[in-house]
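Visitor: A single structure is presented below for examination.
The values are calculated or read from the model by the stated rules, or taken from the named source; none is laboratory data. Remember, it's a predicted structure, so these values are computed and weren't measured experimentally. Ideal geometry is used to build each Cβ from the backbone, glycine not excepted, and the neighbour counts take in all protein chains shown.
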């Protein structure tokens, strides 16, 4: 059996004693898509960093093409044909695509940077591997999916035979995922090998040939994708049976939030959402379905008080919210889990305790006469860390040092530490592992069961279908369809409305809009 | 008013503008290089001042060009010192920059008094040399072309420098690295570019260019050193970098604009004796502030037009 990568007994212990990899083994065959799955903290990233020369193993052997490899840095790995695309891209925003691709190894004509040659080579690579992107476009103007292609092109330009993709789908919309998978298949057809790190199991099963499962720093096993199933993989990853099933709401409360003929405009005057009307009742989750950028996020921002309303009204019970500040809305019982935890949800340089108390600084328990009660803040944090099982060294640890899933738990803990009347949720589990997803879903449904009216937006249709009691579909800033959730409702049905192929008339929607 | 216009549209005024602009152009290019590499060099002022004194003292004992080279080396060395503190010892670049400026203000006076035997104001006792003037007598009577007559050798070199920097930034791989390092260091780093090395060289180049500016100031604009003779030119240069949209050609024009106002402040006292001279001397600084405000408003508008929320 041929092997492009063989790792044997890889052990990596971080200073401080964390055993990230404990005798891990990995065998990758040429031309296959090999997925490495595991929960956050299972050691996938460390293993990949070792393959790419960023980390050095404390013990174990790494063989590339049957020859021993000892990497001092990424440069060595690149020289041996290993390329890696990280979750966070490293692209210079103002550079063109081709400049980003060739940066560091530019084609030269004397001392001059040979632009024509660079453009030509990038265009050639982009065509060969079906990674469609305009070489001369400015990188910052490209959508995330295309920026990712630029990253892949960077690795291919450096002649990577083995391409490591670190959670490539976490940042992508569903259509972009399909395009990425097409490119991955082209790559393997051209003889390249792809290592695919992920924790969304349906995607893993769709794209990969074989799957290595990791748990708690160890390899649990290797399975052939065609011979396994989602529940089986989930059980291997978590070490127990996981049920990503959610009980529907049984509660049927009075109407809590009324959105009436709402129109939202951008500063430039462009209409973002038009004539939106929908209601959310106590104890139900209303899912906002749509391709990103069709007005769902803007609606959530308008309800949260982060975006001005051009016309129409948003009411909570009988109080109009439109004139109220964010703080006043929060006093009425509004909570919000924002889309981007790093930019909007958390202050990464601040401690976990500070983040957990950030929305409650007018609460006399935490601040009296302009002075913080540090003891109470600490106790509050310790209690929440325990209640939401956040994996963190202690309340005084900076939030930026936590894993994605645990950061998200900090946001969830802060927003749900007191029972909200209205809960706004956008992308609650983006880039979050299975265990944390399960926990976050449970937290949201618990809030619902205690009577919260929940508005949920997510790029993950299966998440929307799993959690929502009712769903409304957005297309170009309008509601084009509304459903009561049931077993019969499928992602395909939603998809045809999301892409604008179908649209319901008012009569059809009426029943589901209640 | 007529007198002012006649004065402004004379060959002498043009020569004054070029003379006043040359140190600014060098300092602006120095500021541009380090700004594009991601380090705002607030020490241009101090670098120029120290370089000015160095070239004056050296030129008193050596040929003029050795004096200029000494000024350039002094600037480059200050750049290297800044790189050491900022990049290796992780000190804040702004604080390091102000450190250099404070060192320059006090240090030059101290060094001056040592070199002149006690004089703390000027180097009048030192027989320092001047940078040669490029005279083109055959052009003296040709209209328009006579504008090329009688400039400092370094003014011609400044033009060359701007073109060379433009070529370096936009036509060579190293220019690409420098701009990449300044805008998003993670990208060149991932591509195997040594980010710290690029930044070090940028600071050294920045210092060398300010050094040229300092040499021109003390070996042509004035021959000899006066305490605090840079008089804020380093900070005007920083303004010119931004006003010139962080592009060498734009920055050149910005520096020329400030040169025009400096020349005006030289010409005007003779014509408008009723305006206090101090007030006239503030013109370049007022213009800097106004220019930066206008620039900022324009940038905001441009962003809005493109639909980017700030």
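Visitor: Of (1) in contact with a strand residue (DSSP E or B) (Cβ under 9 Å, 6 or more places away or on another chain); (2) modelled with pLDDT of 85 or more; (3) crowded, with 18+ Cβ neighbours inside 10 Å, residue A:198 satisfies all except one. Which?
Guide: Here residue A:198 clears every test but (2).
Visitor: Would you check if residue A:272 is within 14 Å of chain B (Cβ to nearest Cβ), in contact (Cβ under 8 Å) with a residue 40 or more places away in the chain and either more than 24 Å from the chain's Cα centre (by Cα) or part of a strand (DSSP E or B) (or both)?
Guide: Working: within 14 Å of chain B (Cβ to nearest Cβ): yes; in contact (Cβ under 8 Å) with a residue 40 or more places away in the chain: yes; either more than 24 Å from the chain's Cα centre (by Cα) or part of a strand (DSSP E or B) (or both): yes.
Criteria met by residue A:272.
Visitor: Which condition breaks for residue B:224 when tested against (1) at pLDDT below 90; (2) touching a strand residue (DSSP E or B) at 6+ places or on another chain (Cβ under 8 Å)?
Guide: The one condition residue B:224 does not meet is (1).
Visitor: Using the structure shown, decide if residue A:174 is outside the structural domain of residue A:463 (by TED's automatic domain parsing) and more than 27 Å from the chain's Cα centre (by Cα).
Guide: Taking the combined requirement at face value, the residue does not satisfy it.
Visitor: Go through the range A:13-35 and give me each residue that's more than 18 Å from residue A:209 (Cα to Cα), out of contact with any helix residue (DSSP H, G or I) (no Cβ under 9 Å at 6 or more places or on another chain) and in a loop (DSSP other than H, G, I, E, B). Let's see the steps before the verdict.
Guide: As a first pass, look at the range A:13-35 and keep what is more than 18 Å from residue A:209 (Cα to Cα): A:13-24.
Subset that is out of contact with any helix residue (DSSP H, G or I) (no Cβ under 9 Å at 6 or more places or on another chain): A:13, A:15-19, A:22-23.
Hits for the range A:13-35 are A:15, A:16, A:17, A:18.
Visitor: Additional query: From the list A:421, A:425, A:399, A:411, which one is farther than 11 Å from residue A:355 by Cα and crowded, with 20+ Cβ neighbours inside 10 Å?
Guide: Details: A:421 fails: crowded, with 20+ Cβ neighbours inside 10 Å; A:399 fails: farther than 11 Å from residue A:355 by Cα; A:411 fails: farther than 11 Å from residue A:355 by Cα.
The conditions single out A:425.
Visitor: If you don't mind, there's one more thing I want to ask. Take residue A:111 and decide whether it is facing chain B (nearest Cβ under 10 Å) and either in contact with a strand residue (DSSP E or B) (Cβ under 6 Å, 6 or more places away or on another chain) or farther than 17 Å from residue B:189 by Cβ (or both).
Guide: Values: facing chain B (nearest Cβ under 10 Å): yes; either in contact with a strand residue (DSSP E or B) (Cβ under 6 Å, 6 or more places away or on another chain) or farther than 17 Å from residue B:189 by Cβ (or both): yes.
Judged against the criteria, residue A:111 is a match.
Visitor: Name the residues in the range B:94-113 that are more than 20 Å from residue B:227 (Cα to Cα) and buried (at least 18 other Cβ atoms within 10 Å of the Cβ), would you?
Guide: Taking the range B:94-113 first, the residues more than 20 Å from residue B:227 (Cα to Cα) are B:94-96.
B:96 - this is the single residue of the range B:94-113 that is more than 20 Å from residue B:227 (Cα to Cα) and buried (at least 18 other Cβ atoms within 10 Å of the Cβ).
Visitor: Now a separate question. Condition (residue is more than 10 Å from chain B (Cβ to nearest Cβ), closer than 30 Å to residue A:3 by Cα, touching a strand residue (DSSP E or B) at 6+ places or on another chain (Cβ under 6 Å) and exposed (fewer than 15 other Cβ atoms within 10 Å of the Cβ)) applied to the range A:140-153: is it met by at least one residue?
Guide: No.
Visitor: Which of (1) within 19 Å of the chain's Cα centre (by Cα); (2) more than 30 Å from residue A:20 (Cα to Cα); (3) free of Cβ contacts under 8 Å to residues at least 60 places away in the same chain does residue A:182 not meet, given it meets every other one?
Guide: (1)
Visitor: Yes or no: residue B:273 out of contact with any strand residue (DSSP E or B) (no Cβ under 8 Å at 6 or more places or on another chain), part of a loop (DSSP other than H, G, I, E, B) and surrounded by fewer than 19 Cβ atoms within 10 Å (Cβ to Cβ)?
Guide: Working: out of contact with any strand residue (DSSP E or B) (no Cβ under 8 Å at 6 or more places or on another chain): yes; part of a loop (DSSP other than H, G, I, E, B): yes; surrounded by fewer than 19 Cβ atoms within 10 Å (Cβ to Cβ): yes.
Yes: the conditions hold for residue B:273.
Visitor: Of the residues that make up the range B:20-30, is at least one more than 22 Å from residue B:168 (Cβ to Cβ), crowded, with 21+ Cβ neighbours inside 10 Å and modelled with pLDDT under 95?
Guide: Filtering the range B:20-30 for residues more than 22 Å from residue B:168 (Cβ to Cβ) gives B:20.
Add one more test, that the residue is crowded, with 21+ Cβ neighbours inside 10 Å, and what stays is B:20.
Narrowing further to those that are modelled with pLDDT under 95: B:20.
Yes: the range B:20-30 contains one or more residues that are more than 22 Å from residue B:168 (Cβ to Cβ), crowded, with 21+ Cβ neighbours inside 10 Å and modelled with pLDDT under 95.
Visitor: Go through the range A:43-98 and give me each residue that's surrounded by 22 or more Cβ atoms within 10 Å (Cβ to Cβ), over 20 Å from residue A:25 (Cα atoms) and more than 12 Å from chain B (Cβ to nearest Cβ).
Guide: A:97
Visitor: Hey, any hits in the range B:233-243 for a residue that's surrounded by fewer than 15 Cβ atoms within 10 Å (Cβ to Cβ) and either in contact with a helix residue (DSSP H, G or I) (Cβ under 9 Å, 6 or more places away or on another chain) or farther than 30 Å from residue B:113 by Cβ (or both)?
Guide: First, the residues of the range B:233-243 that are surrounded by fewer than 15 Cβ atoms within 10 Å (Cβ to Cβ): none.
Scanning the range B:233-243, I find no residue that is surrounded by fewer than 15 Cβ atoms within 10 Å (Cβ to Cβ) and either in contact with a helix residue (DSSP H, G or I) (Cβ under 9 Å, 6 or more places away or on another chain) or farther than 30 Å from residue B:113 by Cβ (or both), so the answer is no.
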